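All remarks here apply to the structure that follows.
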Amino acid sequence: MSSFLYFILPALGGYTLTSLYLLKNPHILHRKKRTAFYCTHISHRGGKSAVEQGTEMLELDCHLTNDGHVVVSHDENLRRQTGHDVTVSSLNLQDLPLYKERLEVTFYSGRFSSGADRRFALLEDVFRKFPEIPVSIEVKENNHQLIEKISDLVKCYNREEITVWASVKSSVMEECRRTNDSMPYSFTMSRGLVLLLLYYSGLLPFVPLGESLLQFYLIRIFNRSDCRSVCRLTMRKSLFKHLAARGIQVHLFVCNKDEDIKAAFELGATGVMSDYPSLLSSYLSRNRMQD
């Protein structure tokens with residue numbers, strides 16, 4: 001036993017020291033990713049007003065209508081957004097109901113959004129109006145027709161370098177990448193868990209990563225009084241700094257208060273996603289002036 005420990009302990013010590021060194025110096029093994037965009041200000045479900053407030057990226061979700069149009073909508077079922085218990089896929093574009101006059105902000109209880117134009121937007125409209133703004137598109141369903149149409153629109157508007165595939169599900173992401181592997185893509189939920197396992201095992205500095213973005217919840221927004229253990233496990237500044245050093249952007253969301261924006265940047269986020277682009281712009285402006 002003693003002879004075993006004589007060999008294994010130095011080996012473990014050497015592995016640990018090497019891993020820690022490479023965690024802080026990833027350029028030794030990995031070429032830094034160079035995406036065509038670098039975004040600090042990201043707008044959750046953003047639109048025209050977000051762009052006017054200086055956002056650098058729009059985050060949105062897409063679904064396919066019955067007659068084959070790619071519509072920007074967070075939900076497939078429209079009850080929450082419109083009050084009508086119908087799905088996007090069951091209706092033609094012209095039959096989609098209007099948004100409610102006042103819609104509660106999902107990550108800010110008791111706050112509501114409103115707007116004069118209550119129609120659902122087409123993804124093509126977004127691309128046409130904002131040709132140079134990066135867009136992160138979350139695909140929730142493994143629908144080949146939807147994914148193919150998104151890809152075709154991305155190619156048509158020549159924005160493969162500034163449009164991001166995003167999905168929680170690995171099976172959906174695999175289909176997205178099979179359809180168009182020229183677009184940058186973000187971590188799925190299972191890949192995020194793998195990332196944490198690699199980090200805690202010390203293997204992360206040795207493993208190549210294909211993703212260009214990590215987009216993840218700022219855990220504290222869910223339960224401010226009882227999230228310390230989960231926050232400690234997932235919100236690791238050294239992990240985020242390592243990813244950033246490898247050119248992988250870290251976007252934390254959904255930050256709708258100054259204190260959450262501050263917490264996200266202090267954790268090492270390279271960008272913050274908010275439902276309130278004016279609030280985020282104001283925060284960034286104040287802190288740049290202080291710097």
| request: Identify which of E76, E175, E259 has the largest mean-square fluctuation in a Gaussian network model of the chain, with springs joining Cα atoms closer than 10 Å. | output: E259
| task | Mind checking the per residue accessible area of segment 31-289 for me, 1.4 Å probe, whole number of Å²? | result | 50
| task | Would you calculate a helix-derived [θ] at 222 nm for the chain, using -39,500 (n - 2.57) for each DSSP H run of n ≥ 4 and dividing by the full residue count, to the nearest 500? | result | -11500 deg cm²/dmol
| remark: A correct Karplus calculation of ³J(HN,Hα) over segment 56-67, with 6.51 cos²θ - 1.76 cosθ + 1.60, θ = phi - 60°, whole Hz and x for Gly and Pro, returns 9, 7, 9, 10, 8, 10, 10, 9, 10, 6, 4, 9
| note | Taking a crude spin-label model, label points 7 Å out from Cα along the C-beta direction, the D67 to D117 distance in nm is 1.9
| task | Mind sorting out which of (i) 37, 22, 18; (ii) 36, 31, 13; (iii) 35, 19, 18 is the real semi-axes √(5λ) of the Cα gyration tensor in Å computed from the coordinates? | result | (i)
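What's the ranking of 28-41, 265-278 by average number of surrounding C-beta atoms within 10 Å, highest first?
265-278, 28-41
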| query | Which whole-number percent gives the relative contact order of the chain, counting Cα pairs below 8 Å spaced six or more residues apart? | reply | 21
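Summarise the accessible area of segment 31-289 (1.4 Å probe, protein heavy atoms) by the percent that is carbon and sulfur.
Details: 6290 of 12860 Å².
The C+S portion of the solvent-accessible surface of segment 31-289 is 49 percent.
Could you order the peptides 125-135, 87-97 from most to least packed, using the average number of other C-beta atoms within 10 Å per residue?
Numbers: 125-135: 16.5, 87-97: 14.7.
The peptides rank, most packed first, as 125-135, 87-97.
The values are calculated or read from the model by the stated rules, or taken from the named source; none is laboratory data. Keep in mind that this is a model prediction, so the values were computed, not measured. Neighbour counts are summed over all protein chains in view; Cβ atoms, including those assigned to glycine, are modelled from backbone coordinates with ideal geometry. The protein model used for the area step is the full one, side chains on, heavy atoms only, and it has no ligands, DNA or RNA in it. Shrake-Rupley method; radii C 1.70, N 1.55, O 1.52, S 1.80 Å.
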